[in-house]
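The values are calculated or read from the model by the stated rules, or taken from the named source; none is laboratory data. Model, not experiment: these values are computed from the prediction. Quick reminder, even Gly has a Cβ in these numbers, built from the backbone with ideal geometry, and neighbours come from all protein chains shown. With ligands, DNA and RNA removed, areas are computed over all heavy atoms of the protein, side chains included. Shrake-Rupley method; radii C 1.70, N 1.55, O 1.52, S 1.80 Å.
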Amino acid sequence: MITIAGGGLAGLASAVEIARRGAAVRLFEAGPEIGASSVARFAGGMLAPWCERESAEEAVISSGAMAADWWGGITPVTRRGTLVVTPERDRAELARFARRTSAFRRVNGSEIGVLEPALASRFSQGLMFDQEAHLNPRQALQDLEKAARGLGVDIVLGTNAPAKVDLDCTGIATDLPELRPVRGEMAILSCPEVLITRTIRLLHPRMPLYLVPRGDGVYMIGATMIESSSTRPPTVRSLSDMLNAAFTLHPAFAEAAVLETGAGLRPAFPDNLPRLVERNGSLHLNGLYRHGFLLAPAMATKVANTLIPETYDADHRQSKSA
């Protein structure tokens, strides 16, 4: 029996990968339900390794390229790419973004209007990352729980894990050296007047914004990465910057209804890449930073490779047939 502490994104994805190899898994989640206390509920759900390369290491591309296919076996994935645009006055930002990324094609104003009619005549040029995708984080967590239970994972809710487990996935609550919190803030808007079908990144020197459609005129917007351990709600400044950026994307967002705002602390190591750490007899998966849904599949696979010997599947099948 392999035991896991933490029923968030990292813990559930690891449980699924381990259970797929035939091992018995018990997962402990202190909260009353999956996702209630997970920082992943505030995520954008972007599966965008090529865009993330703008500020991340090459490892993000190599580890994240398989994420859309992995998630496609768990939850609905929208594979319409990412469109990056910028106001005319900030064209230098688009050039900088292009220099630091790859796997895109340049699009002009007419092509942007074909891709997203709601943005017609609003931007003269952009970058289209056709291979990227996105998902709904909260639905994905629910579907991940369903997949884990379907594989026989014993999920124990409302219960603290034992002092020692095989795998610790408790995020920022874990006392690991060098781990730090990075605060992220978001808002969910309802704007039926605007139809956008793919992730949009609006570049700006001070406040780059990403907008992710959730369907039925609902959009998630986010932008902030703040070195802070504060768990208070989003600040007026952050919300003002995000909403102003959304208005820049399309003026109809000025009349959007704000359905929800939120802030979460994302665990990160100094290089902003996730790690597997052996400490006090337990393996720790932590530091997913802002790349949770993108890198969780690769890291969960790495966890399974570490905890399950190569001969386990064959030995397990033989013992069951004996």
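Rounded to the nearest 10 degrees, the angle from helix 292-307 to the longest Cα principal axis of the chain is 20 degrees. For the stretch 1-158, the calculated P(r), taken from all Cα-Cα distances in 10 Å bins from zero up to the bin holding the longest distance, is 11, 31, 28, 17, 11, 2 percent. Grouping the Cα pair distances of the stretch 170-211 into 5 Å bins from zero gives a pair-distance distribution of 5, 13, 15, 18, 12, 13, 13, 7, 3, 1 percent in increasing distance order. Give me the percent of accessible area attributable to carbon and sulfur for the chain, probe 1.4 angstrom. Here carbon and sulfur together make up 49 percent of the probe-accessible area.
Ranking GLY126, ALA245, PRO274 by Cα position along the charge dipole of the chain, where only Lys, Arg, Asp and Glu carry charges on their C-beta atoms, puts GLY126 farthest toward the positive end.
Rounded to the nearest 20 debye, the dipole size of the chain about its Cα centre is 280 debye, using +1 on the Cβ of Lys and Arg and -1 on the Cβ of Asp and Glu.
Could you work out the local net charge near HIS134, counting Lys and Arg as +1, Asp and Glu as -1, over the other residues with Cβ closer than 12 Å to its Cβ?
Details: positive: ARG79, ARG80, ARG198, ARG201, ARG214; negative: GLU132.
Every neighbour counted, the sum reads +4.
Helix content alone sets the calculated 222 nm mean residue ellipticity of the chain: runs of n ≥ 4 DSSP H residues at -39500 (n - 2.57) each, divided across all residues, give -9000 deg cm²/dmol.
Hey, any idea what Rg/Rh is for the stretch 76-165, computing Rh the Kirkwood way over Cα pairs? Mind showing how you got there, number by number?
Working: Rg = 20.6 Å, Rh = 16.5 Å.
For the stretch 76-165, the value is 1.25.
Annotation: per residue accessible area for the chain equals 44 Å², rounded to a whole number [probe 1.4 Å, protein chains only]. Averaging sequence separations of C-alpha pairs under 8 Å and six or more residues apart, then dividing by the length of the stretch 41-100, give the relative contact order as a whole percent. Once normalised by length, the contact order is 30 percent.
To check you understand DSSP bridge types, tell me what percent of the beta bridges within the chain (both residues inside) are antiparallel, rounded to 5. Could you put the intermediate results ahead of the total?
Values: 41 of 57 bridges.
Around 70 percent antiparallel, to the nearest 5.
Helix 91-100 axis versus longest C-alpha principal axis of the chain: approximately 30°, rounded to the nearest ten.
Which distance in Å, rounded to a whole number, links the C-alpha centroids of the stretch 206-277 and the stretch 125-185? Cα centres, the stretch 206-277 to the stretch 125-185: 19 Å. For the stretch 1-159, what's the relative contact order in percent, using C-alpha pairs closer than 8 Å and at least 6 residues apart? RCO, the stretch 1-159: 36 percent. When the stretch 79-212 is described by a simple charge dipole with +1 on each Lys and Arg Cβ and -1 on each Asp and Glu Cβ, the residue from PRO181, GLY158, ALA148 located farthest towards its positive end is PRO181.
Using only Cα atoms and rounding to the nearest 10 degrees, what angle (0 to 90) does helix 137-150 make with the longest principal axis of the chain? The two axes meet at around 20 degrees.
For the stretch 140-210, a simple Cβ point-charge model (Lys and Arg +1, Asp and Glu -1, everything else neutral) yields a dipole of about 320 debye relative to the Cα centre. For the chain, the relative contact order works out to 25 percent when only alpha carbon pairs closer than 8 Å and six or more residues apart are counted. A simple charge model with +1 on the Cβ of Lys and Arg, -1 on the Cβ of Asp and Glu and nothing else charged puts the dipole of the stretch 169-312 at about 180 debye relative to its Cα centre.
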